[in-house]
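To start, the structure itself, in structure tokens.
The values are calculated or read from the model by the stated rules, or taken from the named source; none is laboratory data. Keep in mind it's a predicted model, so treat the numbers as computed, not measured. A quick note on method: Cβ atoms are made from the backbone with ideal geometry, for glycine too, and the neighbour counts reach across all protein chains shown. Only protein heavy atoms, including side chains, enter the accessible area calculation; ligands, DNA and RNA are left aside. Shrake-Rupley method; radii C 1.70, N 1.55, O 1.52, S 1.80 Å.
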Amino acid sequence: MRRLNLLRKAYDSEVARENWHMLKDEWKKIGRNEPCPCGNGKKYKKCCLHKDTEDIPIDYKKWYKQKYDIRLKEPEDIEKIRFAGNLVIETLDAVEAALRPGLTTDEINTMVHRFAETHGVVPAPLNYRGFPKSVCTSVNEVICHGIPGPETLKDGDIINVDVTYIYQGFYADASKTYFVGTPSPEARRIVDVTAESLKAAMELLKPGSTIGDIGWAIQRYAESRNCSVVREFVGHGVGFDFHEPPQIPHFGKKGQGVTLVPGMVFTVEPMINLGKPDLFVADDGWTAITSDRQLSAQFEQTFLITEDGFESLTPYEL
């Protein structure tokens with residue numbers, strides 16, 4: 001009970017008190033040789049392991065950095081991520097308005113790059129590990145990381161457009177899958193299932209939930225609709241960098257993984273296939289394609305865990 005009381009005291013907001021019993025699982029994960037959650041840098045066994053007082057503070061910012069390399073965000077950090085996120089959504093809205101049969105994916109890239117230049121942000125994908133363009137455009141059976149080029153969109157296509165901007169060193173990341181012209185029943189189905197999968201995950205974004213809960217919710221919904229979840233690509237921490245801990249798998253078991261606490265910022269970006277989950281990567285080293293060439297869709301938002309739930313820093317309706 002000593003340890004549980006410490007955790008309860010350290011996490012003392014009205015809503016958090018309702019969830020503190022779930023956070024106790026995070027306390028149980030502390031190993032004797034791990035950093036003490038009080039944040040002083042000592043090992044747990046040499047610090048608070050045998051203390052009886054209930055007044056030991058838990059510094060989640062230091063603890064999560066030491067234990068998981070997760071950097072919790074402060075209000076001033078969040079404001080800049082939110083600003084970048086708003087521009088990401090403005091860009092996606094502009095792309096949606098321009099989509100039509102006959103448009104090339106390279107024209108989408110030009111739109112995104114010019115928007116970034118005009119608004120004083122940097123398109124994060126450009127030159128990231130050699131990626132040659134400013135946005136990812138993934139059409140039909142392409143799961144993710146499609147490279148814009150001369151490909152012309154056709155009536156009935158679906159396309160995922162993935163935009164990440166950097167504003168004053170802070171990153172925000174989001175993507176949406178769109179219909180081009182009139183969708184087929186199969187296209188409508190995979191897009192709807194993917195959007196609902198993200199919505200299912202959002203219901204569990206709150207302090208006390210775990211990363212495993214997120215993946216469990218997505219997998220449970222998608223597979224209940226006879227679709228499959230891509231395993232090779234996952235969500236990720238974001239904000240200070242393009243990709244940072246933790247990884248957010250879109251499959252998993254309820255109750256497993258790191259416990260969510262306020263200040264965490266990460267993407268949830270389920271990639272759902274109409275057929276099997278298997279994939280291959282094209283010779284360009286980037287473009288991931290379904291092995292059975294069936295359709296794939298993705299929706300992504302950047303989320304902040306707050307004291308009473310979550311905020312999307314790249315909000316749009318699903």
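With a simple spin-label model that places each label point 7 Å from the Cα along the Cα-to-Cβ direction, the separation between Glu317 and Glu232 comes to 3.6 nm. Note down the relative contact order for the chain as a percent, whole number, built from C-alpha pairs under 8 angstrom at least six residues apart. For the chain, the relative contact order is 18 percent. Measuring max minus min along each principal axis, the C-alpha atoms of segment 259-318 give extents of 43, 24, 21 Å (largest first). Of the peptides 240-247, 229-236, the ranking by mean beta-carbon count within 10 Å, highest at the top, reads 229-236, 240-247. Take the Cα of Arg220, go 7 Å toward its beta carbon, and the backbone nitrogen atoms of segment 246-273 under 19 Å from that spot belong to 248-260, 268-272. Straight Cα distances below 17 angstrom link Lys254 to the aspartates and glutamates Asp25, Glu26, Glu203, Asp213, Glu223, with same-chain residues fewer than 8 positions distant left out. Applying the Karplus relation 6.51 cos²θ - 1.76 cosθ + 1.60 with θ = phi - 60° to segment 94-108 yields 3J(HN,Hα) values of 5, 5, 4, 5, 8, 5, 6, x, x, 6, 9, 5, 5, 5, 5 Hz, where x marks Gly and Pro.
Of the residues Asn40, Pro207, Phe131, the one whose Cα sits farthest toward the positive end of the charge dipole of the chain, with +1 on the Cβ of Lys and Arg and -1 on the Cβ of Asp and Glu, is Asn40.
In this simple spin-label model, placing a label point 7 Å from the Cα along the Cα-to-Cβ direction at both Lys65 and Arg129 gives a separation of 2.5 nm.
Once the C-beta distance of Thr182 and Asp284 is scaled by a Förster radius of 25 Å, the resulting FRET efficiency is 0.25 to the nearest 0.05. Here the label points at His119 and Lys46, each 7 Å from Cα along the C-beta direction, are separated by 4.9 nm in the simple model.
Using the scaling law 2.2 N^0.38 Å as the reference, what is the normalised Cα Rg of segment 112-255? In units of the globular-protein estimate, segment 112-255 measures up at 1.13. Estimated from the Cβ-Cβ distance and a Förster radius of 45 angstrom, the FRET efficiency linking Thr104 and Asn33 is about 0.20.
Calculated mean residue ellipticity at 222 nm for the chain: -10500 deg cm²/dmol, from DSSP H runs with n ≥ 4 weighted as -39500 (n - 2.57), summed, divided by the residue count and rounded to 500.
Rolling a 1.4 Å probe across the protein heavy atoms gives segment 174-281 an accessible surface of 37 Å² per residue.
Computed on segment 82-142, the Cα convex hull volume stands at 99 Å³ per residue. Taking packing as the residue-averaged number of other Cβ atoms within 10 angstrom, the listed peptides 116-125, 288-297, 190-199 run from highest to lowest as 190-199, 288-297, 116-125.
Peptides 257-266, 98-107 ranked from most to least packed give 257-266, 98-107, packing being the mean of other C-beta atoms within 10 angstrom over each peptide's residues. In plain terms, the bigger the Kirkwood radius, the slower the diffusion; for segment 182-318, with that radius from Cα pairs, at 25 °C and 0.890 mPa s, Stokes-Einstein puts D at 162 µm²/s.
The fraction of all Cα pairs in segment 198-273 landing in successive 10 Å bins from 0 to the largest distance is 21, 56, 21, 2, given as whole percents.
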